[in-house]
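Accompanying notes for the structure given below.
Coordinate-derived values only; no laboratory data. Because the structure is a prediction, the values reported are computed rather than measured. Every residue, glycine among them, receives a Cβ derived from its backbone with ideal geometry; neighbour counts consider all protein chains shown.
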Amino acid sequence: MAISATLHGIATVAGPNQNGRWAHQDITTTDGTDVILYTVPATVEYLIAALSVLNRTDEAATDVNIAIAKADVPLDSEFIEWKTSMVPRGVLERTQLLLEPGDRVIIRIGTPTP
């Protein structure tokens, strides 16, 4: 499994706004581990973001989960994608994500072991 995730957007801060790519990461685990892609810093008033998740393999990716969470372990109610399947070499995109200071963008591939 080879999944790449990129978060980009515009943040409002005191002074000039900041924009661009905020984070990117390769996700190679499929065991349900929560991967924190980005945590919005306290210096940002809010962040308007887009998230792109790319399946770089010739096989479908299954159990793709995405959460916008207040803690390192997301609550069930914080998931914006749940057990989504991605076609080979496909892209899953979420736009217009409004994030607050302390929010974490978390990606989980697979189901965690209890």
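Summary table
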{"item": "Restricting region 93-113 to residues that are assigned to a loop (DSSP other than H, G, I, E, B) and in contact with a Gly (Cβ under 9 Å, 6 or more places away or on another chain), the residue that is farthest from Asp31 (Cα to Cα)", "result": "Thr113"}
{"item": "For Asp72: the one exception among (1) within 14 Å of Val105 (Cα to Cα); (2) assigned to a strand (DSSP E or B)", "result": "(2)"}
{"item": "Filtered residues of region 35-46 (kept if touching a strand residue (DSSP E or B) at 6+ places or on another chain (Cβ under 9 Å) and assigned to a loop (DSSP other than H, G, I, E, B))", "result": "Val40, Pro41, Thr43"}
{"item": "Glu59 in a loop (DSSP other than H, G, I, E, B) and loosely packed, with under 14 Cβ neighbours inside 10 Å", "result": "yes"}
{"item": "Which numbered condition Ala49 misses (of (1) farther than 14 Å from His8 by Cα; (2) assigned to a strand (DSSP E or B))", "result": "(1)"}
{"item": "Members of region 84-114 found to be free of Cβ contacts under 8 Å to residues at least 24 places away in the same chain and under 14 Å from the mean Cα position of the chain (by Cα), listed by number", "result": "Thr84"}
{"item": "Scope region 58-80; condition among the hydroxyl-bearing types (Ser, Thr, Tyr) and over 14 Å from Thr29 (Cα atoms); matching residues", "result": "Ser77"}
